[in-house]
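Data block below; observations after.
The values are calculated or read from the model by the stated rules, or taken from the named source; none is laboratory data. Note that this is a predicted model, so its numbers are computed, not measured. All Cβ positions, even for glycine, are placed from backbone atoms using ideal geometry, and neighbour counts span all protein chains on display. Quick note on the areas: whole protein, heavy atoms, side chains included, nothing else; ligands and nucleic acids left out. Shrake-Rupley method; radii C 1.70, N 1.55, O 1.52, S 1.80 Å.
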Amino acid sequence: MNYKEKLITAQQAVDMVKSGDYIVTGLGCSTADAFFNHLHLAADRLKDVVISTCLPMKDYPCFSDPQYKDSFFHDSWFYSPATRKAHKAGNTSFVPNCLHFAATKRLAHRQPNIYVGAAAMPDEHGNISLSCSNAYEMQMIAAADLVILEINPNYPRTFGDAFVRLDEVDHLIEVDYEVPALPDVPPNDKDKVIGGLIAPYIKDGDCLQLGIGGMPNALAEMLMDKKDLGIHTEMLTTNMMKLFQAGAVSGRKKQLQNGKMVCTFIMGSKELYEFCHDNPSVEVLAGSYTNDPYVIGQNDNMISINASMEVDLTGQCASESIGSTQFSGTGGQTDTATGAQKSKNGKSFICLYSTAMVKNPETGEREEISKIVPQLKPGAAVSLSRNDVDYVVTEYGVAALRGTNIRERVELLIGIAHPKFRDELRQQALDLGIISQR
C-alpha cells in the first residue's frame, strides 16, 4: 500500500477522539506536536479524555489550560517545565515509574485507545522508523486500538527495534516541523570540579551512561583522549556524539551490541539528529531492554552518572521532587544505578552541588542551604534508595558509600558537604539519633 492512502490531517485525527479515550504519545521529541496543537479545539465535545506523555518539550493547551480540565486530564511519566506548569493548573498528575517498567506497569493499569507520535518518513519498503524514541512507544503501539503517526522529513531514520510497518499504522499525518533541540549547557566552575573528580574513575574501554547538563558536558570534555569507550545509555546526547567523533567511543569492548551506541531515546542538538540519521553505529532499542538492570549489568565496566537534588546522611537520594512538589521523574536513575553495580567493575555516581540558593518562605530572602541534609524534605520522593547508592560526588569530593554503615556514611557525606554546614550536620545527626555519641 502507498502510504499516501493513509494520510489525514491533524484535525481529522482529533475528530476521531471520543470522550473517555486514553491517548498515549511519544517521549520528548516524539510527542505528536501537530495533533496536540489541535486537540484542545475539540474540548467542547469531549469529556474525560486521558493523555499520557513523558518529558513533553512544549506546553499544549489541552493539558496546561485550566479551562479544559473537564475535557482532558494529563498523566506524565516524567515532568518537564510544561508539565510542572500544568500540574499547578490542576490538569496533570505524575505516574511513578522506573523507565524500564514504564509501559509494562501502565499497560497493567490501562490500555490505550489511541497512540499518536512523531516518526521519520516511510522508506521504500514501507518501514517507518520511530526515530528519536522507543522508551515505551512500541509497546503502546502494539496495545493501542488506533495508531496515528506524524511523519516528518526532519526526523532522523534510526536503527534498532523501533520500526513500524505501514500496515501496522492506521493513519499518517504529514508534517514538517523541526525536531525539538536542547541547547548545550556550558559547564560552570562547579561542574568542572565535579567532572574532574569523576574522570579518573573512567578507564579506556569503560561503558558509559551520561545525562545532560553542565556537569556531564564538563566530564565529556575530559574524556576526549580515552580509547574504546562504549555507550549503553537511556538518553543519547550531544556530548556522546562528540566523544564518538573524537575517537574516544568505539564500543569494541562491550559485551552487548558490540560496536554500537545503544540508547532508548535521543535528545540534543540538531547536529546530533543529523549524526543519528541512517547511522548504523546508533541503535534505539526498547526501554524495557536498555534500562533493564539485568541487561545493563551484562556490560563490564559500566559507569552510570546521574544527578540528585538532595541526599540525606544515610544515602537516600531525592532526585525528582522538591519536598512533595514533583519536579522531574525517576526516569532511568534507579535502572542505571543498580544496573551499573551489577556489572563487573561497574560503578554508579550520583552528583550534586553541595549547596543551593533558595527563597526563605518567612523572610522572602534568598539564602544558601546545604544539599547534603540530615533528613530529606517532608514528602520528598526517594529516587534511589540508600540500599542502592554507590558513589556520591559534590565539588568537595567523592564519598564511596558501597558497603558502609550509617555512621561511616554520615562522616563520608559530611566530608563532601560545604564546610560551613559540616558542624551543623554532625550535630543534627546526633540530635536525630542517626548516629550516637561515642
Of all the residues that make up segment 318-333, how many are touching a helix residue (DSSP H, G or I) at 6+ places or on another chain (Cβ under 8 Å) and not in a loop (DSSP other than H, G, I, E, B)?
-> 1
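Pick from segment 342-363 the residues that are under 20 Å from residue 397 (Cβ atoms), among the hydrophobic types (A, V, I, L, M, F, W, C) and touching a Lys or Arg at 6+ places or on another chain (Cβ under 9 Å): which of them is surrounded by the most Cβ atoms within 10 Å (Cβ to Cβ)? Give the steps one after another, and end with the answer.
Going through segment 342-363, the residues under 20 Å from residue 397 (Cβ atoms) turn out to be 347-356.
Pick out the ones that are also among the hydrophobic types (A, V, I, L, M, F, W, C) and you get 349-352, 356.
This time we only want the ones that are touching a Lys or Arg at 6+ places or on another chain (Cβ under 9 Å), so: 352, 356.
Values: 352: 25, 356: 15.
Restricting to residues being under 20 Å from residue 397 (Cβ atoms), among the hydrophobic types (A, V, I, L, M, F, W, C) and touching a Lys or Arg at 6+ places or on another chain (Cβ under 9 Å), the top hit is 352.
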Please work out which residue is least open to solvent (accessible area, probe 1.4 Å), limiting yourself to segment 86-109 and to residues that are in contact (Cβ under 8 Å) with a residue 24 or more places away in the chain and in a strand (DSSP E or B).
-> 92
Quick one: which residue in 339, 331 is at positive phi and surrounded by 24 or more Cβ atoms within 10 Å (Cβ to Cβ)?
-> 331
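Is one or more of the residues making up segment 74-83 acidic (Asp, Glu), in a loop (DSSP other than H, G, I, E, B) and either modelled with pLDDT of 95 or more or under 19 Å from the mean Cα position of the chain (by Cα) (or both)?
First pass over segment 74-83, keeping only residues acidic (Asp, Glu): 75.
Right, trim to in a loop (DSSP other than H, G, I, E, B) and you get none.
Taking every residue of segment 74-83 in turn, none turns out to be acidic (Asp, Glu), in a loop (DSSP other than H, G, I, E, B) and either modelled with pLDDT of 95 or more or under 19 Å from the mean Cα position of the chain (by Cα) (or both).
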What do you reckon, is residue 372 in contact with a helix residue (DSSP H, G or I) (Cβ under 7 Å, 6 or more places away or on another chain) and in contact (Cβ under 8 Å) with a residue 60 or more places away in the chain?
-> yes
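I'm trying to understand the selection: among the residues of segment 250-261, which are among the hydrophobic types (A, V, I, L, M, F, W, C) and either open to solvent by less than 10 Å² (accessible area, probe 1.4 Å) or at pLDDT below 95 (or both)?
From segment 250-261, those among the hydrophobic types (A, V, I, L, M, F, W, C) are 256, 261; that's our starting set.
Passing the criteria: only 261.
More than 22 Å from the chain's Cα centre (by Cα) and buried (at least 21 other Cβ atoms within 10 Å of the Cβ), is that true of residue 141? Don't jump to the end; show me each part of the working.
Details: more than 22 Å from the chain's Cα centre (by Cα): no; buried (at least 21 other Cβ atoms within 10 Å of the Cβ): yes.
Answer is no for this residue.
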